Amino acid sequence: MPFAPLSSLSIVPASIPSPPVSSFQIGPLTIHFYALCIIAGIIAAVLLTNHRLTRRGAENWVVIDIAIIAVPLGIIGARIFHVLTHPNFYFGEGRNTWNPFEPGSVWAIWEGGIAIFGALLGGAVGAWLGCRWTGIRFWTFADALAPGILLAQAMGRFGNWFNHELFGLPTDLPWGLEIESTNSAFPPGLAEGTLFHPTFLYEVLWNGLGVIVLLWLGRRLSMQWGRLFAVYLIWYSAGRIVWESIRIDPSEVLLGLRSNVWAAIIGVVVGIVILIVQSRRHPGVEPSPYVRGREPERDDVESQDNSSDFVDVSEPPVSAEAN
């Protein structure tokens, strides 16, 4: 992709600096801020989803039972999708494909390189398995998760900022992102000091707004049976089409569009299909967050603080003889 030098960008009075470090040491361990952003997003999503599920009538923290399956499969799916859509990064002469102890291997997820659409596919499989295990309706879980996963995506995007990666086209806007000219992703031919569109920030703001919209829709319209998750797919994917269109990092191009643009288009279509099909199949509200026959017993430990929960303190019935 050709670029024209933008020498005037070096005198722009305002800009967004890239963080000076992307990791820190604790003894022999290297802690990457990228990983911390991902972990923080997962924790936030779990907390918000747990709150929403329990309000629907599910057991407290049943989300953990689902997450221990869905999260690992989501991470695996995210990495596989990234590797498959960026084969030149990992395969070919001079590439370290399989050695995890050297930089650049397919295993080195700590170096960056996960794809949310792969995470959605892998996570969906894990969530389905987790819901089968716990008895939670899959679509109930998906709707409860929708705002949380968008929040997690917003928080995770800060990891790209720390890694100085996935920025957009050159810009002279005052919120342009500073990228050092020594960065391997810095386009050749551009002047040092050139600023770039902070696509990570655009997505953070879009996703943050989406969290508010989804929470409002879920409360105001009581969107259930997967309809809220469908809106999530449409919202996130529509924004992703725009951000992917201005990003300049290498990516596979199919029929003139980046692979992630195609994935986002598919996301919009799938969201629309789910919204239409589920609205026709289930016009009413869900009877329970649990599949029929899998409802838990309610005499749990938390209720034992109140003796009236398990001791009959009602008035004895009046016998016929007393009349």
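The values are calculated or read from the model by the stated rules, or taken from the named source; none is laboratory data. Quick caveat: nothing in here was measured; it's all calculated off a predicted structure. All Cβ positions, glycine included, derive from the backbone under ideal geometry; neighbour counts span all protein chains shown. When the accessible area is computed, the model is the full protein with side chains, heavy atoms only, and any ligands, DNA or RNA have been set aside. Shrake-Rupley method; radii C 1.70, N 1.55, O 1.52, S 1.80 Å.
Using packing as a proxy for protection, rank 16-22, 268-274 so that the peptide with the highest average count of other Cβ atoms within 10 Å comes first. It would help to have the intermediate numbers written out before the result.
Numbers: 16-22: 12.3, 268-274: 16.3.
In decreasing order of mean packing, 16-22, 268-274 become 268-274, 16-22.
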- Task: Under a 10 Å cutoff between Cα atoms, tell me which one of PHE196, PHE24, PHE138 has the largest fluctuation in the Gaussian network model of the chain.
- Result: PHE24
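Sort ARG95, ARG280, ARG79, ARG220 by heavy-atom solvent-accessible area, probe 1.4 angstrom, most to least. Numbers along the way, then the final one.
Numbers: ARG95 125, ARG280 195, ARG79 20, ARG220 160 Å².
The ordering from most to least exposed comes out as ARG280, ARG220, ARG95, ARG79.
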- Considering only LEU257, GLY208, GLY168, whose Cα is most displaced toward the positive end of the charge dipole of the chain, charges sitting on Cβ of Lys, Arg (+1) and Asp, Glu (-1)? LEU257
- Report the accessible area of ILE39, computed with a 1.4 Å probe over the heavy atoms of all protein chains in place, in Å² rounded to the nearest 10. 90 Å²
- Multiply the residue gap between VAL125 and ARG95 by 0.36 nm, knock off their C-alpha separation, and tell me the result in nm, one decimal place. 7.7 nm
- Measure off, as a whole percent, the carbon and sulfur share of the 1.4 Å-probe accessible area of the chain, all protein chains present. 66 percent
- Dipole of the chain, Cα-centred, from +1 at each Lys and Arg C-beta and -1 at each Asp and Glu C-beta, to the nearest 20 debye? 1080 debye
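If DNA, RNA and ligands are ignored and the probe is 1.4 Å, what is the ranking of PHE162, PHE91, PHE117 by accessible area, most exposed first?
Values: PHE162 45, PHE91 90, PHE117 20 Å².
Output order, biggest surface exposure first: PHE91, PHE162, PHE117.
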- Note on the structure: For TRP175 and ALA40, extending 7 Å from Cα along the Cα-Cβ vector and measuring point to point gives, in nm, a value of 1.9 nm
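State which stretch of the chain is the longest one without any exposed GluC sites (Glu not before Pro), exposure meaning a DSSP loop state and at most 14 other Cβ atoms within 10 Å. Working shown, then result.
Details: sites that count: GLU93, GLU180, GLU192, GLU252, GLU297, GLU321.
Maximal segment without exposed cleavage sites: 1-92.
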- Query: Taking the chain as a Gaussian network, where each spring joins two C-alpha atoms under 10 Å apart, which residue of THR30, THR85, THR140 fluctuates the most?
  - Reply: THR30
- Rounded to the nearest 10 degrees, the helix 116-134 long axis (Cα) sits at an angle to the longest Cα principal axis of the chain of 20 degrees
- Message: Given an 8 Å cut-off on Cα distances and at least 6 residues of separation, report the relative contact order of the chain as a percent.
- Response: 22 percent
- Item | Computed [θ] at 222 nm, helices only, for the chain once each DSSP H run of length n ≥ 4 contributes -39500 (n - 2.57) | -16500 deg cm²/dmol
- Between ALA191 and VAL253, what length in nm is gained on full extension when 0.36 nm per residue of separation is reduced by their alpha carbon distance? 19.7 nm
- Message: Could you tell me what a quarter of the Cα convex hull surface of region 128-263 works out to, in nm² with one decimal place?
- Response: 10.5 nm²
- Among GLY135, GLY123, GLY256, determine the one that fluctuates most according to a GNM of the chain built with springs between C-alpha atoms less than 10 Å apart. GLY256
- Rounded to the nearest 10 Å², what accessible area does SER181 show when all protein chains are kept and the probe is 1.4 Å? 50 Å²
- Note on the structure: For the chain, longest principal axis from Cα atoms; helix 227-246 axis from its Cα atoms; angle between them, nearest 10 degrees, is 10 degrees
- May I ask you to give the solvent-accessible area per residue for the chain, in square angstrom, as obtained with a 1.4 angstrom probe? 56 Å²
- Report which label in (1) 37, 32, 16; (2) 47, 21, 19; (3) 28, 25, 20 holds the value of semi-axes √(5λ) of the Cα gyration tensor in Å derived from the coordinates of this structure. (2)
- Principal-axis tilt of helix 33-55 within the chain, Cα atoms, nearest 10 degrees: 20 degrees
- Counting alpha carbon pairs within less than 8 Å and at least 6 residues apart, what relative contact order, in whole percent, applies to region 1-160? 33 percent
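For PHE24 and SER279, FRET efficiency with R0 = 35 Å and r from the beta-carbon atoms, rounded to 0.05?
Numbers: r = 49 Å, r/R0 = 1.40.
Computed FRET efficiency for SER279 and PHE24 comes out at 0.10.
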